[in-house]
Amino acid sequence: MIIGIDLGTTNSLVAVWENGAARLIPNSLGEVLTPSCVSVDDDGSILVGRAARERLQTHPRLSAAAFKRHMGSDQQIALGQRGFRAEELSALILRALKADAEAALGRPVTEAIITVPAYFSDAQRKATRAAGQLAGLKVERLLNEPTAAALAYGIHLRDSESKFLVFDLGGGTFDVSVLDLFDNVMEVRASAGDNYLGGEDFVACVIERFFEHNKMSPHYKNDAGFMQRLGAQVEAAKRALSEAPGTTIRIRDNGADFAMELDEAAFEKICAPLLARLRDPVERALRDAQLPSAELDNVVLAGGATRMPMVRRLVARMFGRLPACDINPDEVVALGAAVQAGLKAKDAALDEVVMTDVSPYSLGIDTSLRVTQASYSHGHFDPIIERNSVVPVSRVKRYFPLHDGQRQLHINVFQGEARMAADNIKLGELLIDLPDGARDECGVDVRFTYDVNGLLQVEATILKTGDTVSLLIAGNPGLLSDEEIAERFAALSALKIHPRDQMENRTLLARGERLYQQLRGDLRQHLGVQIVRFEQALESQDKHQCLPAAKAFGQLLDELERHSLLHPDA
Ligand code: AMP
């Protein structure tokens, strides 16, 4: 049996093809979304999923999230004393999903189809395959996420050539793909996106408005605890507005009471700049695919943030028709992976022309931004090759020294998407001696050339003299070899994994600890006592004590969570 896995940045899901339909498999907590988080527990065992996500706040040094962003790089992610590669952390997620599938199906599972973003490079795809191997899974196929979404909507059931646009707005990223299915071959005709645009930005906009509305002092922004509580309130309000016409955001702090009514229209107005930014990648993808939107057979929504009615309305306006949204947008990719598994079992799977030849990251240098005539803000990242450019690619940008008579220019080369250079990965540096002269006579052309092997050549040419300085940066840092995979497989197998049948109780405890840190006063003390009581009940290992204790403790946490949203300063 082949399982379909959506290995996501925020959440992962597993699904299976059974009796002619795709079905999601719940984890040991009964939930179909497993947070893509890993944490090392106090006894050294590994926790995956919701319990690990709860510990991101209480044990940040022992917990990791969003490691999908590092797939295909050799970045080490520290969990306590030990460093892990993104493949290894992903393997721990895959192992948990495999165990969930085995528990649900009652038999061993050894094969999987795993989904990846359409723009994933060859190195990122290899890393994803390695993660599967490290989890003891034979990766039957890597499937592009938009292709999976289109399969869930039955693109393969159409008779003639079909063209789909997949509009995927997740928590932090936005991806648009234009797909073309012809003769059982699926081609990604174009893919465009915005790495800085997702559901979280809608929350950030409302927070800004909340500050203005309540004329709040900016010093609140330095209070991490306050901002976290406000963020949770706004996230809840955002979700409420997907179901109801209006809601209220309220937060108290040391006697001060701040509130704001929010209805759909006001929410949309606040987020208008974000909605405007959704248009550009759609237009770019259609232009690149050389396809007028009228020729699309279907527009498919994926990603949790497409639940926002304003996003759906925008898509409807842009395309002059309602998008396909009858499948839950968080689940559509995993369900599509299961459809592909079903097709594979019948030997009817789609072939894919994979668009791997793109640069997965933006590549650029650090620059200074002129803020006023005389002052600069330093350390900004200025991309020269934008993420997703088709390789080989060569781009040039012109830079000038900051002052007349400046004799040297220091160029630092970075890869990544963060606004500040220091938050990206540094790849190398170049020092250029400038000729004497006024700043506008001393321009330097910086050319980046990136090839299919991931080699980046940086060339700086001083315009006045024609002199050139260059630097070659080797690509694909450290993909794992077969021997290394075998070694790491053994090392990962030796890790103690928290027992699956105890996950529910462990998650309750992690939630309790997180809530304990959020609460204050009597409630916090009360919770402290209840945590100890629950731990004691668990230690008894007596089912008749444990089960009711877990139920009661879960109810208490639900109540406290509700209470802390309504009375945040309690
Ligand atoms: P994903 O990365 O696809 O799981 O998307 C997660 C994003 O979807 C987060 O920013 C969530 O806040 C957002 N999201 C999930 N459910 C809803 C909802 N009901 N209404 C609005 N946004 C949602």
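Which of the following residues is open to solvent by 10 Å² or more (accessible area, probe 1.4 Å), over 25 Å from ALA486 (Cβ atoms) and not in a loop (DSSP other than H, G, I, E, B): ARG69, ARG141?
The match here is ARG69.
Go over the candidates ALA244, ALA259 one by one and state the one that is surrounded by fewer than 19 Cβ atoms within 10 Å (Cβ to Cβ), more than 24 Å from the chain's Cα centre (by Cα) and touching a residue at least 24 places away in the same chain (Cβ under 8 Å).
Just a single option satisfies the conditions, and that option is ALA259.
Any idea how many residues of the range 156-200 are part of a helix (DSSP H, G or I) and either among the aromatic types (Phe, Trp, Tyr) or within 16 Å of the ligand (Cβ to nearest atom) (or both)?
2
What is the residue count in the range 514-554 for residues that are open to solvent by 60 Å² or more (accessible area, probe 1.4 Å) and not acidic (Asp, Glu)?
Qualifying residue count for the region: 17.
Output the residue which, of all residues in the range 405-414 that are among the polar types (S, T, N, Q) and open to solvent by 30 Å² or more (accessible area, probe 1.4 Å), is nearest to ASP366 (Cα to Cα). Working first, answer last.
Residues of the range 405-414 that are among the polar types (S, T, N, Q), as a first pass: 406, 408, 412.
When the remaining residues are screened for being open to solvent by 30 Å² or more (accessible area, probe 1.4 Å), the result is 406, 408.
Details: GLN406: 17, GLN408: 15 Å.
Only one residue tops the list, namely GLN408.
From the list LEU275, LEU262, pick out the single residue that is more than 24 Å from VAL185 (Cβ to Cβ), at pLDDT 95 or above and outside any helix (DSSP H, G or I).
Matching residue, one of LEU275, LEU262: LEU262.
Which of the residues that make up the range 266-311 are within 17 Å of LYS238 (Cβ to Cβ) and of a type in the set (Asp, Glu)?
Within the range 266-311, just GLU268 meets the criteria.
Any residue in the range 431-454 that is among the polar types (S, T, N, Q) and exposed (fewer than 14 other Cβ atoms within 10 Å of the Cβ)? Before you say what the answer is, go through the steps one by one.
Pass one, the range 431-454, residues among the polar types (S, T, N, Q): 449, 453.
After this cut, where a residue has to be exposed (fewer than 14 other Cβ atoms within 10 Å of the Cβ) as well, the list is 453.
Yes: one or more hits.
So which of ARG287, ARG313 is more than 15 Å from the ligand (Cβ to nearest atom) and either of a type in the set (D, E, K, R) or assigned to a helix (DSSP H, G or I) (or both)?
Of ARG287, ARG313, the one residue that is more than 15 Å from the ligand (Cβ to nearest atom) and either of a type in the set (D, E, K, R) or assigned to a helix (DSSP H, G or I) (or both) is ARG287.
Could you list, in sequence order, all residues of the range 29-49 that are more than 14 Å from the ligand (Cβ to nearest atom) and surrounded by fewer than 23 Cβ atoms within 10 Å (Cβ to Cβ)?
LEU29, GLY30, ASP41, ASP42, ASP43, GLY44, SER45, ILE46
Would you check if LYS138 is more than 30 Å from PRO292 (Cα to Cα), away from the ligand (no atom under 14 Å from the Cβ) and in contact (Cβ under 8 Å) with a residue 24 or more places away in the chain?
yes
Among ARG209, ARG158, ARG129, which is open to solvent by 20 Å² or more (accessible area, probe 1.4 Å) and within 30 Å of TYR450 (Cα to Cα)?
Just a single option satisfies the conditions, and that option is ARG129.
The values are calculated or read from the model by the stated rules, or taken from the named source; none is laboratory data. Source: prediction; values computed, not measured. Cβ coordinates were reconstructed from backbone atoms using ideal geometry, including for glycine residues, and neighbour counts include every protein chain displayed. Keep in mind that these areas ignore ligands, DNA and RNA; they rest on the heavy atoms of the full protein, side chains included. Shrake-Rupley method; radii C 1.70, N 1.55, O 1.52, S 1.80 Å.
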